Each structure stands twice: as structure tokens, then as C-alpha cells.
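The values are calculated or read from the model by the stated rules, or taken from the named source; none is laboratory data. Values in this document were obtained by computation on a predicted structure and should not be read as measured data. Here Cβ is always computed from backbone atoms with ideal geometry, including for glycine, and neighbour counts include all displayed protein chains.
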Amino acid sequence: MSLKNIFEDWSRYRRGREEGGFQDYEFMWGMAIDLNKCIGCNACSIACYAENNLAVVGKERFSKGQAMHWLRLERYWDEPDLGEERVSNYQHLGASFVPMLCQQCNAATCEPVCPVAATYHTPDGLNAQVYNRCIGSRYCSNNCPYRLRYFNFYSYYEDSWPSPLHMQLNPDLSVRDKGVMEKCTFCVQRIRTGKDKAAREGRQVEDGDIQTACAQTCPTGAITFGDLLNIYNPASGNADSKTAQMWRKHQVELGKTKQNKQTPDLRGYRIFESLNTDPCIMFLERVREV
Amino acid sequence: MQTKDINEDIKWAQINKDVLRSMENPRIGYWIAIAVSLFLLSFAIGAEIYQYNVGMGPANLNWPHMWDLYIATFIFWIGMSHSGTLLSAILHIIQADWRKPIYRFAEAMTTFSLMTAGLFPIIHIGRLWNMYWVLPYFSDRGIWPNFRSPLVWDAFAITTYLTSSALFLFIGMIPDLAICRDNARGWRKQLYTLLSLGWRGDDRQWRNFRRTYMLMACFLIPLAVSVHSIVSSDFAMSIMPGWHVTTFPPYFVAGALYSGCAAIMTLFILLRYFFRFEAYMTMPIMVKTCKLTFAIAMVWTYLNLIEFSSIWYGHDEVAKELLLAKFTGPYSPYFWAMLFFGSVLPFTLAFEKIRNNIPALFVISLLLNVGMWLERWMIVTPTLSLSYHPFAFDVMWPSWVQWFIVLGSFGWFGLLFLVFVKIVPSVSMYEVKEMIFHRRHLANKDIASVMHRRESDRQSGTDAPAPGLEGA
């Protein structure tokens, strides 16, 4: 191949993709999490442990910060130091909760830094993590502003499921060995099953066909999971999803670093939007009664 | 006190004798040093075997502290490798001939510290048996590394730099190896015969040698600068506060040259003392090295100030908070120690008396390197402990596994270096001769005019033979 050919091919490749990034999405899975509805019960986290074969690491390793919770529930109290007014207003109302799971960013910071391309963007709009390819350089976790990637510091499978507990493992996905990075996959095994089922029945994937374990489990229905691909153009292509409707209702747009906040009804935001990671999870602000 | 870089009246044979003497009959101190190195290394090997079997957990690495001492020490060793190139390539090109007696061991230091640094990514990754996946080898599955990742650039940069610096070291040694060959017996004779590649010292060989050496020097300088720039892009290319700093490439290169110069001072003093190289590694050369170190220390300090001020006057609140946390937070003692050792301590080198005081210099050079090691640690760890997400704020202290491996790396480096000084002349004999030769010329200009005259000059020539050569 001559140099000329290479340049010509390259320019042909670039044409139509000037803005860069992945364009040919099949789906773009996303979530809407209503923090008003979240009661901090941790059921989503437990469901995630059960569904995704997450290792239970024990008290000691947990306190060392070696836990494997793909979905963690963060508790925040308003700080007493922040001024008289806020203390009297909020402190007695207790904690606020934020369920944090991989934000499946469209411009993910973890993807470009992996030396072996073990994490990449799928046509489903997911940040896939290929366990078999991972060499454990842990750069992705360092570059994740949300700190939502977890590393197998030990061979947890050896002691996390003593017999007969290993019988409870989900056969749809693997148990990871030491030295591998892992994170929330939006229950990719369920997405695959749902797509396969729809294909067998000869129809399009509809909203509600696929549920993540956390969304399925949430007792208050705070988590909504669905397709965001045709979020601004519901008539075309994939079916309109409840998640996309919520995004539209709160006027949250993909690809923006700051959302419209003109009225108090527009509660939607995405975490660390200003970093331009373009996450696919919208949170709805908690409204607190003063 | 000696004022000349080197005495002009040293005889050629004396140089050979002095340098070759350093390669024979190790004394008790040598064996003690070997034993200490092996001792440190054995602890590291034990720790690594344990870590290999159990996982990265015992190293106390955790979420969010995914990187720690391994990466810090990796940068430290990569940095140390830069001074050899500075001395042998940059000073070679600008014709600073005082480098000649000390560049050989500096260059060996380059190669060996790269060999040490290269171990750390392997130790550090979770599945080290798959390390080769970062290299772009042809596979029938058509899987390639991710060329956007700075870690892949690292792999390329370090392997290239290691290969070229080892070649450069070897090429520069060929005339000396020939001297060894001519003076050796037994297995050493065979070894040096092989290594000296049939060097006879005729004109053609010297001409080719000079050309190759100059070419390699020119090739190595941009390479050395790019290597540490690429290592800095491990951090600068990320999105994290305290890592995402535009001045990191020059900052890292300056820090690299700085720690390398400090290490050269340490090894200079050790070699001078143990091998009695007082006639070659003279105090004026030491003074010049000190001045070089001082200058680079000031560059490093300046780049530090740039980093602080650009964050302070910038609009990145998170980076500002992190900067404040570096000064006041849980890692502040180490940060202040780094600033003291890195920026305040080098001012002692501004004093003539200290520059000529060997024990003081030995301590200072070691402390400078402690400061530079702390610098690397303070780049890696505070950012991880305090980044964007408040839920992930954490303070971590590395466990014995990490400390053993870090200390063991010094043992490994020491072992390589100790073996080196007994197998290869640690002072470049032919270049010292060259240096003395030039100095004699400077002392007697007339000889120079004769020696540098060409055949063609003679026809157009003017006069009788130069006065210096009349008797000859």
C-alpha cells in the first residue's frame, strides 16, 4: 500500500465523521433516576450483587476500600459547617441518597486510556468491559471522575461463595478472577437475552423488554431503564421509551455540559456534566421541604 | 587544591593501569555491597511472588488508590535514566569535555535504571502474564493495542529508549573494550575479544566510530526528552485534577534531569572513593556537576511555581482544592519535604565550600533524590486520594509489599551497577586520553597548529616547522 493510498483511505474514513466518536448506534441505553423517590434502601445494590456475581469481600477488605459494589448507594448529609441556615433547614431531615452506577458515558474518559482496548464503546451505547482482555493496568479507574470502576484485588471467587453458595451464581455471566477491572454493565446479559428474544419473535425490542436488576428491584420505582437513541425524534426507528420521555420532560439533552434549569420543575441533571463526559444517566434532583 | 579539570601530565599507560585496576580483585567492600543488594532484592522477589499469587490486595492498593508507589517509583527510575543521556549526548554535542571522565557510569546508570523502571509496570499490572498485550504484535485474531492510550506510548518509548541507550553505551565502550582485550587473560580475554568487535584503532574505524557515536547522540537527545514527556502524558492526558497539567512534560523532563544529576553526584563520590579515581574524577568536575544540578533544580522549582500559580489563578475549583490539600492535607508532610529537598536544599550547592566538601555533597545528593522520589509520589497519590467525587476521598498508606518492592528495586539497580563496574571500565579511557590531549594543545598552541595542519596546507604553507616539534 502506497503512502498516497493510506492518506486517501484516511480522508475517506474521516468524511462524514468530522465530529469524531462512535456514530452508528443500534441502541443507546440510559437511565433516569428520580432521587425524590429514592429511600436509600440498598435493594438495588443487593440485586446487583445477586445478578452480576459480585464478590462479597468481607468487613476487613471492605473497610480497606476493596469492595466490589458496582452499584453503590452514597449517603450525604448537609455539612454542619456550611452555615447556620442550612443546618437548621436540612440537618434534621436526614441523609440524601445517590445510587451511583457506571454512567455509561458517551465520551467516556476510561475508554481512550486502556492500553489494550479492554474497555470500548459498543453499538448499544455501553462502555463494555472485556474481562478476558483486561491486563489490570487500572488506568481506567484512575481516569473515571465518578470512581465507578472496581478492581479484583484478590481471587474473590475462592472464598466469596463457599459451597454450596456457589450454586447461586448467575450462569449468564462469568466470575472474574484477580487482576481484572470490572464495573456496571447495565446488566448486559439481560440486554443480550432481551434482544435475542425479540429477534426470535421477529419484532423490534420494545420498551420494558429489558430491565436491569436494579431497576427491576427498586421498590419505589426510582430507577427507569430504557433506550435513549431516538430521544429527540421518537417517531423514527426504535420504540420510544419511558426513560426518553423523562429526559424530554426535564429537558435534559445529550451532548450538553449544562442543562436547562429555568423553572424549578426541570429537575434533571447529569453528574459532572461540565467535564463533558456525556453520561447516559439522568438524575432528578431531590426536592426538600424547608 | 586542584583547579584544572584534569592534570595534563598523566601518562597514557597510567590511565590504562588505573582504570583496569578498578576492574580486578574486588575488595571486601564490594562483596558487602553485593550482599546488601542481594538482600534487598530477595525481599522484593519474595514480596512479588506473594503478590503474584494472591493479587494486588496485599499491597494495600484500593479503590480509589489504584496506583501508588509502583508508578511513583517507575517514574523515579525513568527520570534517573535521563542524566546519562544529558551527560553523554547533550554535553557531547556542545563539546563540554569535562563530561569525559564521568559519562561512562552515568550512561550505565541510564541503561540500568531503565531496566529497573521497566520492571515496575510489570509488577504493577493485575495480570502480568498478559503484559505483552500492550505491544502491537501480529495475531490471527487481529487484535491490536489501543493506540490512543498513553500506556501504549510508554511501552514504545521505554523499549526504544532502552534499546538505544544500551546500544549507545556499548558503542561508546568499544575502544575501551579493545584496551581490556589487550590486557586480559582467560575468559575475560574471550569476552572482550567478542565485545570489541575486532577494534584495531585504525583511522577508518575511528572515523566510522565518531560518525556513529555522533549520530547516536543526536538520535538519543530527542528520544530522551520524548520518553519522559510520554511518561508525563500518563498523567497529563487524564482528566484528573493535579494530573491534567499542561506543564507536565517539561516539568517531568526537568525533574528527570534533576534526579539524574543528583544520582550522578552520588555515584561519582562512591566511585571516586572506592576506586581511587581522584586523578580522573576531580573536584573541578564535581563542582561543574554541582552547578549543573543547581541550575536544573532552579528550572524544576520554576516549573513547580508555574504549576501552582496557574492552578491558583485558574478557574478549576477542584484542582485548586487539591493544591490546597497538598499543602495542608494528609500528605502535606511529604509535600513540604519534597519542596524542601527539591527547592531549598539545592541552594547549598551555591556555596563554594560545600561544592568542594565530599561528605556534605554525598548527603545532599542522596537527600535531593529522596526529594525527587517524594515528588513522584506526590504527583501520583494526592490526586487519587482527592479527586472529583467526594464519596471517593480516601487516604491510603502503602503496605510492606509495596515498600519491599520499592527498596528491592534499589537492590536490583545496585546489583546491575556493581556487576557493571567490574566487567566494564567505569571511566572512559580513550576519552580521558582525548581530553588530556586537547588540554595539552591548549597549553601549547604551536603544537596544535602543527597537528591540525593538512597536507594541502604545506604547499601554500609559509614557514619552518613549529618550534614545539623541532627536537622531534
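Assorted remarks:
- Qualifying positions in the range A:262-275 - surrounded by 14 or more Cβ atoms within 10 Å (Cβ to Cβ) and part of a loop (DSSP other than H, G, I, E, B): A:Leu266, A:Arg267, A:Arg270, A:Ile271, A:Phe272
- Residue within the range B:162-170 that is of a type outside the set (A, V, I, L, M, F, W, C) and either within 14 Å of another protein chain (Cβ to nearest Cβ) or under 14 Å from B:Val424 (Cβ atoms) (or both) present: no
So that you can scan it fast, the table gives a plain yes or no per residue for (1) among the charged types (D, E, K, R); (2) within 14 Å of chain A (Cβ to nearest Cβ); (3) farther than 28 Å from B:Pro64 by Cα:
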{"position": "B:Tyr302", "(1), (2), (3)": "no, no, yes"}
{"position": "B:Thr348", "(1), (2), (3)": "no, no, yes"}
{"position": "B:Pro359", "(1), (2), (3)": "no, no, yes"}
{"position": "B:Leu366", "(1), (2), (3)": "no, no, yes"}
{"position": "B:Trp373", "(1), (2), (3)": "no, no, no"}
{"position": "B:Tyr388", "(1), (2), (3)": "no, yes, no"}
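- Qualifying residue in the range A:170-191 (condition: in contact with an Asp or Glu (Cβ under 6 Å, 6 or more places away or on another chain), within 14 Å of another protein chain (Cβ to nearest Cβ), within 25 Å of B:Asn130 (Cα to Cα) and buried (at least 22 other Cβ atoms within 10 Å of the Cβ)): yes
- Condition check for B:Asn60: touching a residue at least 60 places away in the same chain (Cβ under 8 Å) and within 10 Å of chain A (Cβ to nearest Cβ): yes
- Members of the range B:63-108 that are of a type in the set (A, V, I, L, M), in contact with a Ser or Thr (Cβ under 8 Å, 6 or more places away or on another chain), crowded, with 24+ Cβ neighbours inside 10 Å and away from every other protein chain (no Cβ under 14 Å): B:Ile78, B:Met80, B:Ile102, B:Ala106
- Any chance A:Ser155 is crowded, with 21+ Cβ neighbours inside 10 Å and either within 19 Å of A:Thr257 (Cβ to Cβ) or not basic (Lys, Arg) (or both): no
Listed here are the residues, each with its yes/no results for (1) among the acidic types (Asp, Glu); (2) modelled with pLDDT of 90 or more; (3) over 16 Å from the mean Cα position of the chain (by Cα).
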{"site": "A:Thr224", "(1), (2), (3)": "no, yes, no"}
{"site": "A:Pro234", "(1), (2), (3)": "no, no, yes"}
{"site": "A:Ala239", "(1), (2), (3)": "no, no, yes"}
{"site": "A:Lys258", "(1), (2), (3)": "no, no, yes"}
{"site": "A:Pro264", "(1), (2), (3)": "no, no, yes"}
{"site": "A:Leu284", "(1), (2), (3)": "no, yes, no"}
{"site": "A:Glu289", "(1), (2), (3)": "yes, no, yes"}
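- Residue under evaluation A:Asp196, criteria (1) away from every other protein chain (no Cβ under 14 Å); (2) in contact (Cβ under 8 Å) with a residue 40 or more places away in the chain; (3) surrounded by fewer than 17 Cβ atoms within 10 Å (Cβ to Cβ), criterion not met: (2)
- In the range B:311-320, the condition of being crowded, with 22+ Cβ neighbours inside 10 Å, at negative phi and more than 14 Å from chain A (Cβ to nearest Cβ) is met by no residue.
- Checked against (1) over 21 Å from A:Ala47 (Cβ atoms); (2) within 16 Å of the chain's Cα centre (by Cα); (3) in a loop (DSSP other than H, G, I, E, B), A:Trp247 passes all but condition (3).
- In the range A:149-168, of all residues being part of a helix (DSSP H, G or I) and not hydroxyl-bearing (Ser, Thr, Tyr), the one that is nearest to the other protein chains (Cβ to nearest Cβ) corresponds to A:Glu158.
- The number of residues in the range B:109-127 being more than 8 Å from chain A (Cβ to nearest Cβ) and either in contact (Cβ under 8 Å) with a residue 60 or more places away in the chain or β-branched (Val, Ile, Thr) (or both) comes to 11.
- Top-ranked residue of the range B:28-47 - restricted to ones that are closer than 11 Å to B:Val401 by Cα and under 25 Å from the mean Cα position of the chain (by Cα), ranked as farthest from the other protein chains (Cβ to nearest Cβ): B:Phe43
- Scanning the range A:1-44 for residues that are at pLDDT below 80, assigned to a helix (DSSP H, G or I) and of a type outside the set (Gly, Ala, Ser) gives A:Leu3, A:Lys4, A:Asn5, A:Ile6, A:Phe7, A:Glu8, A:Asp9, A:Trp10, A:Arg12, A:Tyr13, A:Arg14.
- Yes/no for A:Asp207 being modelled with pLDDT of 85 or more, acidic (Asp, Glu) and in contact with a strand residue (DSSP E or B) (Cβ under 9 Å, 6 or more places away or on another chain): yes
- Filter result (touching a His at 6+ places or on another chain (Cβ under 7 Å) and either crowded, with 18+ Cβ neighbours inside 10 Å or part of a helix (DSSP H, G or I) (or both)) within the range B:386-400: B:Met396
- Within the range B:255-278, being buried (at least 23 other Cβ atoms within 10 Å of the Cβ) and either farther than 22 Å from B:His228 by Cα or among the small types (Gly, Ala, Ser) (or both) holds for B:Gly255, B:Ala256, B:Ser259, B:Gly260, B:Ala262, B:Ala263, B:Phe268.
- Matching entry among B:Arg141, B:Arg148, B:Arg127 (being more than 30 Å from A:Pro145 (Cβ to Cβ) and among the basic types (Lys, Arg)): B:Arg141
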